[in-house]
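The values are calculated or read from the model by the stated rules, or taken from the named source; none is laboratory data. Just so it is clear, the model here is predicted, and its values are computed rather than measured. So basically every Cβ, Gly included, is an ideal-geometry build from the backbone, and we count neighbours across all protein chains shown. In case anyone asks, the SASA skips ligands and DNA or RNA and just uses the protein heavy atoms, side chains included. Shrake-Rupley method; radii C 1.70, N 1.55, O 1.52, S 1.80 Å.
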Amino acid sequence: MARLTIVGLGGSLASVSKSRAALRTALEGAADAGAEMQLLDLRELNLPMYNPDDHKPTDAATRLIESCYAADGLLWSSPMYQGSISGALKNALDWLHSSPTCRS
């Protein structure tokens with residue numbers, strides 16, 4: 001049986017983050033259960049702001065898009081700001097509107 005691939009998307013830009021720590025714990029649990037896991041930490045990924053008028057993916061956006069589309073499952077983690085997920089995670093989700101075949 002093929003191993004599942006789980007991608008964790010960490011939506012905090014803080015250097016110390018409880019939501020990132022929780023995501024790492026969840027990914028470790030997935031690995032212990034036999035899954036391959038990958039952490040995409042938005043603090044390290046450094047995505048540009050999504051612009052629908054200029055949506056050609058950068059290298060960072062391409063990594064995000066291809067990793068998420070290739071995954072069997074996604075785990076998202078974000079701090080709560082103003083009653084919602086972080087702007088960094090919202091931006092990453094905007095980039096996921098592009099499919100891996102959009103690269104030119």
GNM top mover of L40, L89, L75 - the chain, alpha-carbon springs below 10 Å: L75
Check: segment 1-90 dipole with +1 on Lys, Arg Cβ and -1 on Asp, Glu Cβ, in debye: 260 debye
Rg to Rh, two decimals, where the chain supplies the alpha carbon set and Rh follows Kirkwood: 0.98
D72, D53, ranked by accessible area, largest first (probe 1.4 Å): D53, D72
Most to least accessible of M37, M1, M49 (protein chains only, probe 1.4 Å): M1, M49, M37
Area accessible to solvent at Y69, 1.4 Å probe radius, in Å²: 110 Å²
Value of [θ]222 nm, deg cm²/dmol, for the chain, DSSP H segments ≥ 4, -39500 (n - 2.57) each, nearest 500: -11500 deg cm²/dmol
The chain, relative contact order in percent, only Cα pairs under 8 angstrom and at least six apart counted: 38 percent
Which of V7, V16 is most accessible, then next, and so on - probe 1.4 Å: V16, V7
Average accessible surface area per residue within the chain, 1.4 Å rolling probe, Å²: 62 Å²
